[in-house]
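Take a look at the structure set out below.
The values are calculated or read from the model by the stated rules, or taken from the named source; none is laboratory data. Predicted model, so just to flag it, every value in this text is computed and none were measured. Because the Cβ atoms are built from the backbone with ideal geometry, glycine has one as well, and the counts that use them run over all protein chains shown. Ligands, DNA and RNA are stripped out before the accessible areas are found, and what is left, the full protein with its side chains, is counted by its heavy atoms. Shrake-Rupley method; radii C 1.70, N 1.55, O 1.52, S 1.80 Å.
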Amino acid sequence: MDKVEVEVIGLGKSIKKQPIVEDISFHLTSGQVLALCGGNGAGKSTVLRMIAGILRPTSGDVIVNNVRWLKERKRYSEQIGYMPDDYQFSQGLSAEEALLFWASLRKVPKKRVQEVLTMVGLEGHKNKRVTTFSKGMRQRVLFAQAILAKPPLLIMDEPTNGLDPFWMQELAQLLKDIKQQGHMVIFSTHQLEIADDIADQVIFMNHGRNVGEGSTHDIRREFGSLHAAFHQSLGLK
């Protein structure tokens, strides 16, 4: 993959003049992974939805591969793979049918559907209705659709929610492989051990604001662990 990059500049969102996200900025290049870390209500999902082009920012800009969402929405969407925290699947659709539908939207060959089903360990369940799946299995379907088109930027909202320990490790390895291929990844999590294992950079969020950031290497060197750095960013002992 050619070198790609994402630039997030002063991103903010207000609802009824009440700011819920303020002044989030960062830069990523090929093969880098960023984790947004924070508790419930920290603003992580709002940031991801703005970067994914689902939610219009009140302020700031996002540029992926020199494409701005506000100016070239179709081209911008082609740069993005998005995995939401949850999704209401249509009744009756099997895992394979759901992925074939998304593949048709992204103009992805049918054989790619079989590849991603195998990658997420669902090839033996592809004919089962997704509505019968556990939370963890639904998460794996959502991850599969996000990587279908091999997007330059993969955005994931709490991707490990509902996963058992085995699939948490498998997902971590898949993301490391994606990183090695030159793709960029942005994900949110409240599980700092996941961020420590996968991410190159971390932004700690609280009440919609960046309260601390840095490379995982530098954070470990200065604070000893991401947990210690996060607690300090919140003013906790």
**Request:** Just the number, please: carbon plus sulfur as a percent of the accessible area of the stretch 33-166, 1.4 Å probe, no ligands or DNA/RNA counted.
**Result:** 50
**Fill in**
Between the residues Gly124, Leu99, Gly136, the Cα farthest towards the positive end of the dipole of the stretch 42-140, that dipole coming from +1 and -1 charges on the beta-carbon of Lys, Arg, Asp and Glu, is from Leu99
**Prompt:** Based on Cα positions only, what radius of gyration and what Dmax would you give for the chain, in angstroms?
**Reply:** 17.6, 53
**Request:** For the stretch 25-81, just say rounded, prolate or oblate: build the C-alpha gyration tensor, square-root its eigenvalues into a ≥ b ≥ c, call rounded for a/c under 1.5, and beyond that prolate if a/b exceeds b/c, oblate if not.
**Result:** oblate
**Asked** How far, in degrees from 0 to 90, does helix 95-105 lean away from the longest principal axis of the Cα atoms of the chain, to the nearest 10?
**Response** 70
**Request:** Give the residues of the stretch 87-121 whose amide nitrogen is closer than 17 Å to a point set 7 Å from the Cα of Lys128 in the direction of its Cβ.
**Result:** 89-99, 117-121
**Prompt:** For the chain, what is the charge dipole size about the Cα centre, in debye to the nearest 20, if Lys and Arg each add +1 at the Cβ and Asp and Glu each add -1 at the Cβ?
**Reply:** 900
**Message:** Could you tell me the calculated FRET efficiency between Met119 and Gln91, based on Cβ-Cβ distance and R0 = 35 angstrom, to the nearest 0.05?
**Reply:** 0.85
**Message:** In whole Hz and in residue order, list the ³J(HN,Hα) couplings for the stretch 164-178 that follow from phi through the Karplus curve 6.51 cos²θ - 1.76 cosθ + 1.60, θ = phi - 60°; x for Gly and Pro.
**Reply:** 6, x, 4, 6, 5, 5, 5, 5, 4, 5, 4, 5, 5, 5, 4
**Item:** Nearest-0.05 FRET efficiency for Asp164 and Asn40, computed from C-beta distance (R0 30 Å)
**Value:** 0.85
**Fill in**
Sorted by chain and number, the residues with a modelled amide H under 5 Å from that of Gly43, at a separation of 5 or more or across chains, are Gly208
**Message:** Can you pull out the trypsin sites (Lys or Arg not before Pro) in the stretch 1-43 whose DSSP state is coil and whose Cβ has at most 15 other Cβ atoms within 10 Å?
**Reply:** Lys3, Lys16, Lys17
**Prompt:** Sorted by average packing, counted as other Cβ atoms within 10 angstrom per residue and highest first, what order do 45-56, 112-123 take?
**Reply:** 45-56, 112-123
**Request:** At 1.4 Å probe size, with every protein chain present, just tell me what the per residue accessible area of the chain comes to in Å².
**Result:** 50
**Request:** At q = 0.15, 0.18, 0.25 Å⁻¹, work out log10 I(q)/I(0) for the stretch 97-172 with the Debye formula, treating every Cα as an identical point scatterer and leaving solvent out; two decimals please.
**Result:** -0.48, -0.70, -1.31
**Message:** Multiplying the sequence separation of Asp177 and Asp200 by 0.36 nm and subtracting their Cα-Cα distance, what value in nm do you get?
**Reply:** 6.9 nm
**Message:** In whole Å, what are the extents of the stretch 134-200 along the principal axes defined by its C-alpha atoms, from largest to smallest?
**Reply:** 29, 25, 18
**Request:** Pop out the ³J(HN,Hα) list for the stretch 6-12 in order, Karplus 6.51 cos²θ - 1.76 cosθ + 1.60 with θ = phi - 60°, rounded to Hz; leave Gly and Pro as x.
**Result:** 10, 10, 10, 10, x, 6, x
**Request:** Using amide H atoms built 1.01 Å from N in the peptide plane, name the residues 5+ places from Val211, or on other chains, whose amide H lies under 5 Å from its own.
**Result:** Phe204, Met205, Asn206
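With a/c under 1.5 counting as rounded, go ahead and sort the stretch 126-237 into rounded, prolate or oblate using the C-alpha gyration tensor (a ≥ b ≥ c being the square roots of the eigenvalues; past the cut-off, prolate if a/b is larger than b/c, else oblate). Present the calculation step by step, with values, prior to reporting the outcome.
Values: a/c = 2.27, a/b = 1.76, b/c = 1.29.
Prolate shape, in that a/c is at least 1.5 and a/b is the bigger ratio.
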**Message:** So if the hydrodynamic radius of the stretch 1-56 is defined as the Kirkwood radius over C-alpha pairs, what does Stokes-Einstein give as its diffusion coefficient at 20 °C and 1.002 mPa s, in µm² per second?
**Reply:** 172
